[in-house]
Amino acid sequence: MHNKFFLELATPGVQGLTPYPPGKPIETLERELGISNSIKLASNENPLGPSQAALDAIEKNSRAINYYPDGGGFKLCQRLAEIHKVSRECVTLGNGSNDILELATRAFLTPQNSAVYSEYSFAVYPIVVQAVGAKANVAKAFDEAHPSMPLGHDPAAMLASIDDSTRIVFIANPNNPTGTWLAPDVLHTLVSEIPDNVIVILDLAYNEYMDRDLQIDIARWLEQFPKLIITCTFSKIYALAGLRIGYAVSSPEIAGILNRVRQPFNTNLLAQAAALASLDDHAHVEKSVTLNNAGKTYLMRALDEMKLQYLPTMGNFISINLKQAAQPIYDALLRKGVIVRPVANYSMPEYIRVTIGTDPQNRRFIAALQEVLAEVPA
């Protein structure tokens, strides 16, 4: 039996997939290079860590892990519904918001359908679309010379990419890995011009990091656009990435469809408890936003002084154009114990994406980058 036998048994969409490349863990780097005291600025995690309320909830519920969780996550769904001013039937929980993306593609896409997303948008979109055998209509993004939003979503190009077979349009706002965004009025116009028989997945993973005037009224938008699935996560501002929990807000009809393909216990007991506790720790969220904004200001000023270009961002990360192959710079930073993210897999081979960390982490990154750029020939 030859090595390709089992691959040939897989569905055509799966055969051509490349697994998602996660950020390198600190433990892996230190084991490989025999170093210590490394920092990770690769996966857009909250450097403050989770709310104390979340940690207390985990401890309180830890003795009950011999029991299955509430399969529907009643308490968490109820609280999310209150916050977003929708009915509980509008909320769907996911094993991270990535889980919701997969549920939607399984529910609405077939090999006869297509999905639309922008160039340079979140890597999970092409993965989940290809996995079900659907076609990807990739819309051209704005180019690097765009005056306000280089490499950002181009609404006109996205609309032009929709055809009769399109069933889903993915919009990340702000987008990962670019950090770029669509202002509410521009986003509203785009959504309104997408046909009503096309599901619009509005991915708001980094929403809480955006300026307040850029955040949308979810309940009002859902009332106006029943075709919306709005995805959110506890991995970023709430710092629960290791627990894998996210959710979607949609019409009850769409939520009912997602629940048909959702696994019965897709979110675990501790994740539900920690997420529920996190929602009411507003001070932790504000502290995280304040830290991020200060770090973003510092990094932009430092990069300006180094005469390095970077993309505008409303996330907790910044993508830097090194004007040379990024991989050698990334490798050299690893040897200094600084983990960032090369984004060649997004067709951005000259960029690195850097999570905005604490002030000491940000300063260490800038110092390491200055050293590396002096050492590595362009």
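Read-outs throughout are calculated quantities, based only on the coordinates presented, and are distinct from any laboratory measurement. This structure is a prediction, so every number in the text was calculated from the model and none was measured. A quick note on method: Cβ atoms are made from the backbone with ideal geometry, for glycine too, and the neighbour counts reach across all protein chains shown.
Here's the list of aspartates and glutamates a cross-link from LYS236 could span, going by alpha-carbon distance under 12 Å and ignoring same-chain residues fewer than 8 apart: GLU45, GLU208. Other residues whose C-beta falls under 14 angstrom from the C-beta of ALA326 contribute a net charge of +1, scoring Lys and Arg +1 and Asp and Glu -1. In the chain, helical runs assigned H by DSSP with n ≥ 4 each contribute -39500 (n - 2.57); averaged across all residues and rounded to the nearest 500, the mean residue ellipticity at 222 nm is -12000 deg cm²/dmol.
In summary, the lysines within cross-link reach of LYS227, defined as a Cα separation below 19 angstrom excluding same-chain residues under 8 places away, comprise LYS85.
When both region 279-322 and region 113-163 are represented by their alpha-carbon centers, they are found 25 Å apart. So which aspartates and glutamates pass the test for LYS60, namely a Cα distance under 18 Å, with those fewer than 8 places away in the same chain ruled out? Output for LYS60: ASP70, ASP280, ASP281. Taking only the alpha carbons of region 233-378, we obtain Rg and Dmax values of 19.0, 58 Å in that order. The amide H of PHE317, built 1.01 Å from its N in the peptide plane, has ILE356 as neighbours under 5 Å, considering only residues 5 or more places off or on other chains. Taken over the Cα atoms of region 52-278, the convex hull encloses 117 Å³ per residue. Placing dummy labels 7 Å off each Cα toward the beta-carbon, the span from ARG31 to ASP164 is 5.4 nm.
I want the antiparallel fraction of DSSP beta bridges within region 52-278, as a percent rounded to 5.
On the way: 9 of 26 bridges.
If I count the DSSP bridges inside region 52-278, around 35 percent turn out antiparallel.
Spin-label pair ARG63-LYS323: with each label point 7 Å from Cα along the Cα-Cβ axis, the two points sit 6.2 nm from one another. Solvent-free Debye calculation, one equal scatterer per alpha-carbon of region 52-155: log10 I(q)/I(0) at 0.12 Å⁻¹ equals -0.67.
Peptide packing: for 332-345, 50-63, the average count of neighbouring Cβ atoms within 10 Å per residue gives the ranking 332-345, 50-63, highest mean first. By the equivalent-ellipsoid construction on the alpha carbon gyration tensor, region 1-112 comes out with semi-axes of 32, 29, 16 Å, ordered largest to smallest. Here the 3J(HN,Hα) profile of region 159-175, calculated from phi with Karplus coefficients 6.51, -1.76 and 1.60 at θ = phi - 60°, is 5, 5, 7, 7, 10, 5, 8, 6, 10, 9, 10, 9, 10, 9, 9, x, 8 Hz, Gly and Pro shown as x.
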